[in-house]
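Student: Please read through the structure below; I'll follow up with questions.
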Amino acid sequence: MSPRDETPTAPEARPIAFAVHARRNIVVQALGLTMVVLACLNAVPWPIVAGWTAVAVLVLAAENHVLRIAAKEGRLSGPVGPWALTLRIAATSLYALAALALMARGGPDEHLFAFALITASMLHVLMRYYRWPWILAAVVSPYLGVLGLVAVTQFRLANGHPLASLIATFTLGTFGLQFWWPARSSPPPGAS
């Protein structure tokens, strides 16, 4: 028997690949959650952080469980699909809430981390859901809500400064352009 004969077929390889991916995903989620908790502890009362952490752990564990079921079945249809989407929206809402708390109560370091958290989270969501614009919009909407709230606050603070008021609207305008612009469906340069 040659080594080529021992190579698992695509359906057999899927559980192996998923097991490696799931372990990495749990490590990444744990590290990200730890960073958010530590940053929030510097700006938010610890009982609020403890409650947020408990809910976040429950949501992330449930999402991992649902995604494991989907990987076993090889699909996201049936009851698994809506649960996966609902849990992803819940997770992004929790992280958006943490970013809002860091922006509202933190100092410059917390503000910078909140920006990084929103940016990295939206990039993750974009990479996962870019083929489904409505799902992408639903999952990104908690971050857009937070950015909209910040833009409205900045708009109010810029009272009497027309250019500053206009710039406050650019936050949401930038994201609106990216969702509206058809570049997501365009093939990469040089592709046939």
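Student: When residues of region 36-86 are filtered for being touching a residue at least 24 places away in the same chain (Cβ under 8 Å), within 18 Å of the chain's Cα centre (by Cα) and more than 21 Å from Leu102 (Cα to Cα), how many remain?
Tutor: 5
Student: In the set Ala90, Ala30, which member is surrounded by 14 or more Cβ atoms within 10 Å (Cβ to Cβ), assigned to a helix (DSSP H, G or I) and at pLDDT 80 or above?
Tutor: Residue meeting the stated conditions: Ala90.
Student: For region 105-161, enumerate the residues that are basic (Lys, Arg) and either assigned to a loop (DSSP other than H, G, I, E, B) or more than 23 Å from Leu87 (Cβ to Cβ) (or both).
Tutor: Matches in region 105-161: Arg105, Arg131, Arg156.
Student: Next question, about the same structure. How many of the residues in region 40-72 are assigned to a loop (DSSP other than H, G, I, E, B) and either surrounded by 14 or more Cβ atoms within 10 Å (Cβ to Cβ) or of a type in the set (A, V, I, L, M, F, W, C) (or both)?
Tutor: So the count comes out to 3.
Student: Hey, another quick one. Sort out which residues of region 115-128 are within 13 Å of Pro142 (Cβ to Cβ) and of a type in the set (A, V, I, L, M), and write them in order of number.
Tutor: Hits for region 115-128 are Leu117, Ile118, Met122, Val125.
Student: For residues that are at pLDDT below 85 and of a type in the set (A, V, I, L, M), scanning just region 54-83, find the one that is nearest to Ala39 (Cα to Cα).
Tutor: Applying the filter and picking the extreme gives Leu67.
Student: If Ser165 satisfies every condition in (1) in contact (Cβ under 8 Å) with a residue 24 or more places away in the chain; (2) surrounded by 13 or more Cβ atoms within 10 Å (Cβ to Cβ); (3) of a type in the set (Ser, Thr, Tyr) but one, which is the exception?
Tutor: (1)
Student: What number of residues in region 137-156 are within 18 Å of Arg105 (Cα to Cα) and of a type in the set (S, T, N, Q)?
Tutor: Selection size over region 137-156: 2.
Student: While we're on this one: Checking Leu177 against (1) over 30 Å from Met35 (Cα atoms); (2) modelled with pLDDT of 75 or more, only one condition comes out false. Which one?
Tutor: Single failed check for Leu177: (2).
The values are calculated or read from the model by the stated rules, or taken from the named source; none is laboratory data. If you're wondering where the values come from, they're calculated on a predicted model, not measured in any experiment. Don't worry about glycine lacking a Cβ; one is built from the backbone with ideal geometry, like all the others, and counts go over all protein chains shown.
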